[in-house]
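Encoded as structure tokens, the structure appears first; notes follow it.
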Amino acid sequence: MLNFLIFGPPGSGKGTQSVRLAEKFNLKHLSTGDMLRAEIAAGTELGKKMSAIMATGELVPDEVVIEMIAARIDSTKDSAGFLFDGFPRTVAQTEALEAMLNERGMKIDSMLVLDVDHDELVKRLILRAELSGRPDDKDPAVIENRIDVYKAKTEPIIEFCRQRGIYQPVDGVGSIDDIFGRLSNLISGYTES
Ligand code: ADP
């Protein structure tokens, strides 16, 4: 089993690329953002609580997403591994994920980090708001907060992964196909060895 993290600031293209990569490499795509939005759409109590937090651009509590991932981590039947998208987002989530994988004789094999500059991110998110209808994409102040939260709470994971020798930066600017090609080359390095 090979386990990949796809990583990068909001608007860096993680979701778009994950769907395509999961299909190409037969990986199970787990997106905590999608899971949370599914809770909201289903009108659950959890969804109601989390939607208020997500609307501000802050992170939901670690326990909530760790539990969501834990509930799905044994469902890799027939797949080559996991592609984690939008999770982990804090060092505590990374440690929890590592422990869950280790308990099952697996590890985080690679962390693919999409590099996109600030102005390009804001441009993409504003454009996406029109298509996605996501409330957290509409408000420029919320977008800025999400980028700030990424820098403060999520970026420290890069150092954690650097120490484990699994950090792989990827240029996240260019066409969707170009970026897909760059990511695919890196993943192929694992699946073909
Ligand atoms: P994006 O990467 O474009 O910001 P996501 O769909 O990954 O979008 O996340 C949307 C929101 O859901 C985040 O701003 C945050 O509030 C919440 N969220 C998603 N994943 C996590 C996570 N792993 N930990 C905490 N909050 C999360």
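Which one of the conditions (1) in a helix (DSSP H, G or I); (2) open to solvent by 40 Å² or more (accessible area, probe 1.4 Å); (3) within 12 Å of the ligand (Cβ to nearest atom) does residue 89 fail to meet, given that it meets all the rest?
Of everything listed in (1) in a helix (DSSP H, G or I); (2) open to solvent by 40 Å² or more (accessible area, probe 1.4 Å); (3) within 12 Å of the ligand (Cβ to nearest atom), residue 89 misses just condition (1).
Going by the conditions given, is residue 186 farther than 19 Å from residue 91 by Cβ and open to solvent by less than 20 Å² (accessible area, probe 1.4 Å)?
no
Determine whether residue 83 is near the ligand (Cβ under 10 Å from one of its atoms) and at negative phi.
no
Can you pull out the residues in the stretch 53-73 that are over 25 Å from residue 144 (Cβ atoms), under 15 Å from the mean Cα position of the chain (by Cα) and open to solvent by 30 Å² or more (accessible area, probe 1.4 Å)?
66
Need at least 1 residues that are touching a Phe, Trp or Tyr at 6+ places or on another chain (Cβ under 8 Å) and within 13 Å of the ligand (Cβ to nearest atom) per element, so show me which helices (runs of 4 or more DSSP H) inside the stretch 12-62 make the cut, counting only ones lying wholly within it. Show your work before the answer.
On the way: elements: 14-25, 32-41, 45-54.
Of the helices (runs of 4 or more DSSP H) lying wholly inside the stretch 12-62, those with at least 1 residues that are touching a Phe, Trp or Tyr at 6+ places or on another chain (Cβ under 8 Å) and within 13 Å of the ligand (Cβ to nearest atom) span 14-25, 32-41.
Name the pairs whose Cβ atoms lie under 7 Å apart, with the first residue in the stretch 48-59 and more than 14 Å from residue 143 (Cα to Cα), the second part of a helix (DSSP H, G or I) and more than 8 Å from the ligand (Cβ to nearest atom), and 6 or more positions between them or separate chains?
From the stretch 48-59, the pairs are 50/39; 50/40; 51/40.
Would you please list the contacts, defined by Cβ atoms under 7 Å and residues six or more apart or on different chains, that run from a residue in the stretch 85-109 that is of a type in the set (D, E, K, R) to a residue that is open to solvent by 50 Å² or more (accessible area, probe 1.4 Å) and in a helix (DSSP H, G or I)?
That search, which allows pairs on different chains as well, returns 89/153; 109/190.
With within 24 Å of residue 149 (Cβ to Cβ) and more than 10 Å from the ligand (Cβ to nearest atom) as the only criterion, which of 97, 114 stands out?
So the residue among 97, 114 that is within 24 Å of residue 149 (Cβ to Cβ) and more than 10 Å from the ligand (Cβ to nearest atom) is 114.
Would you point out the residue of the stretch 63-80, among those that are within 11 Å of the ligand (Cβ to nearest atom) and touching a Ser or Thr at 6+ places or on another chain (Cβ under 8 Å), that is farthest from residue 14 (Cα to Cα)?
Among those residues, the one meeting the criterion is 68.
A quick yes/no check of all residues on (1) open to solvent by less than 70 Å² (accessible area, probe 1.4 Å); (2) in contact (Cβ under 8 Å) with a residue 12 or more places away in the chain; (3) not hydroxyl-bearing (Ser, Thr, Tyr):
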residue	(1), (2), (3)
155	no, no, yes
160	yes, yes, yes
163	no, no, yes
175	yes, no, no
190	yes, yes, no
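For residues that are open to solvent by 70 Å² or more (accessible area, probe 1.4 Å) and charged (D, E, K, R), scanning just the stretch 33-47, find the one that is nearest to residue 6 (Cα to Cα). Write out each step before concluding.
If we filter the stretch 33-47 for residues that are open to solvent by 70 Å² or more (accessible area, probe 1.4 Å), which is where we start, we get 34, 37, 41-42, 45.
Retained after the next criterion (residues that are charged (D, E, K, R)): 34, 37, 45.
Working: 34: 14, 37: 19, 45: 29 Å.
If we take residues in the stretch 33-47 being open to solvent by 70 Å² or more (accessible area, probe 1.4 Å) and charged (D, E, K, R), then 34 is nearest to residue 6 (Cα to Cα).
Only one of 100, 106, 50, 111 is open to solvent by less than 50 Å² (accessible area, probe 1.4 Å), of a type outside the set (D, E, K, R) and touching an Asp or Glu at 6+ places or on another chain (Cβ under 7 Å); which?
Going through 100, 106, 50, 111 in turn, the sole match is 50.
The values are calculated or read from the model by the stated rules, or taken from the named source; none is laboratory data. None of the values given here were measured: they were computed from a predicted structure. Backbone-built Cβ (ideal geometry, glycine too); neighbour counts: all protein chains shown. These area figures cover heavy atoms from the full protein model, side chains too; ligands, DNA and RNA do not enter into them. Shrake-Rupley method; radii C 1.70, N 1.55, O 1.52, S 1.80 Å.
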